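Below: one structure, written as structure tokens.
Each reported figure results from applying straightforward, stated rules to the coordinates on display, with no laboratory input. Bear in mind the structure is a predicted one, so any value in this text is a computation, not a measurement. Cβ coordinates were reconstructed from backbone atoms using ideal geometry, including for glycine residues, and neighbour counts include every protein chain displayed.
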Amino acid sequence: MRVLLFALFLLGSCTGSENQSTAPMSDPQPEASPVPQGEALEHQTITLGAGCFWCTEAVYEQLDGVVNAVSGYMGGHVDDPSYAEVCSKRSGHIEVTQLTFDPARIEVGTILGWFWKLHDPTSMDRQGADAGPQYRSAIFFHNEAQEAEAKRQIAAINGSGELSKPIVTEVRPAVTFWDAGEDHQDYFRKHPEQAYCRMVIAPKLKKLDL
């Protein structure tokens, strides 16, 4: 259970603060392309694994253009897994946040730009005190454009020398998304005084100026 990680907070936080000096802070995405007049863009979906889904959800809920952010699981081999099954590290799932966004207000390039900032993409299965394969860094794309942009940004960041180690984020096609249940939705908003929220999520939002 994640509550057992509170005592380990001094060893690191889910922000990847121990790697803060290597975090890419420049904006890797291209300039926004204008939307043709009279052309409405439909909402899109992208699913991201960046460590603790409470943290990832709390960041993306702050961004204009993100219509919805839902905590859940993706990529495993068990149908409708419970939180306990995912935490057992045997279900194969990754904690993810599935985003619905309005591409007329926020582009996928901008969403991915925040993704690199909110966690350490050079650490595969650990973000601060949160360790295990369920915390894997992963981008689950829902269309070819998202896949291309993710790979383009990875190549650009790796080639820029901004990081001391290469990005290990997996870029995978989206599969079945399992909602983590009501207890895990809007966790930071509902429990701002909870220890994990105060010691991990609130500092992350402050660092990102959100």
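Most exposed first by the Cβ proxy, i.e. fewest other Cβ within 10 Å, how do C55, C87 rank? Provide the component values of the computation, followed by the final result.
Numbers: C55 29, C87 17.
So the ranking, lowest neighbour count to highest, is C87, C55.
Under 12 Å from the Cα of K151, which aspartates and glutamates turn up, not counting those fewer than eight places away in the same chain?
E170
By DSSP, what percent of the beta bridges with both residues in the stretch 41-207 are antiparallel, rounded to the nearest 5? Let's see the in-between values first.
Values: 22 of 26 bridges.
Taking every DSSP beta bridge with both residues in the stretch 41-207, the antiparallel ones total about 85 percent.
Mind ordering 192-202, 155-165 by average Cβ neighbours within 10 Å, highest first?
Details: 192-202: 17.3, 155-165: 13.0.
Highest to lowest by the protection proxy: 192-202, 155-165.
Which residues does a label at E147 reach in the stretch 169-205, if reach means a backbone N under 16 Å from a point 7 Å past the Cα toward the Cβ?
Of the residues in the stretch 169-205, 170-176 have backbone N under 16 Å from the label point off E147.
Would you mind ranking W54, W114 so that the residue whose beta carbon has the fewest other beta carbons within 10 Å leads the list? Before the final figure, lay out each step's value.
Details: W54 25, W114 21.
In order of increasing Cβ crowding within 10 Å: W114, W54.
Just to confirm a number: summing +1 for Lys and Arg and -1 for Asp and Glu over residues other than A148 whose beta-carbon lies under 15 angstrom from that of A148, what do you get? Walk me through the numbers before you get to the answer.
Details: positive: K151, R152, R172; negative: E107, E144, E147, E149.
Result for the local shell: -1.
By counting other Cβ atoms within 10 Å of each Cβ, how are H119, H191, H77 ranked from fewest to most? Numbers along the way, then the final one.
Values: H119 28, H191 14, H77 9.
In order of increasing Cβ crowding within 10 Å: H77, H191, H119.
Sort out for me the Cα centre separation of the stretch 87-109 from the stretch 43-75, rounded to whole Å.
Distance between centres, Cα-based: 5 Å.
Applying 1/(1 + (r/R0)^6) with R0 = 22 Å to the Cβ-Cβ distance of E162 and D209, what FRET efficiency is obtained, to the nearest 0.05?
0.70
Can you list the lysines whose alpha carbon sits under 25 Å from that of K207, skipping same-chain ones fewer than 8 residues off?
Partners within reach: K117, K165, K190.
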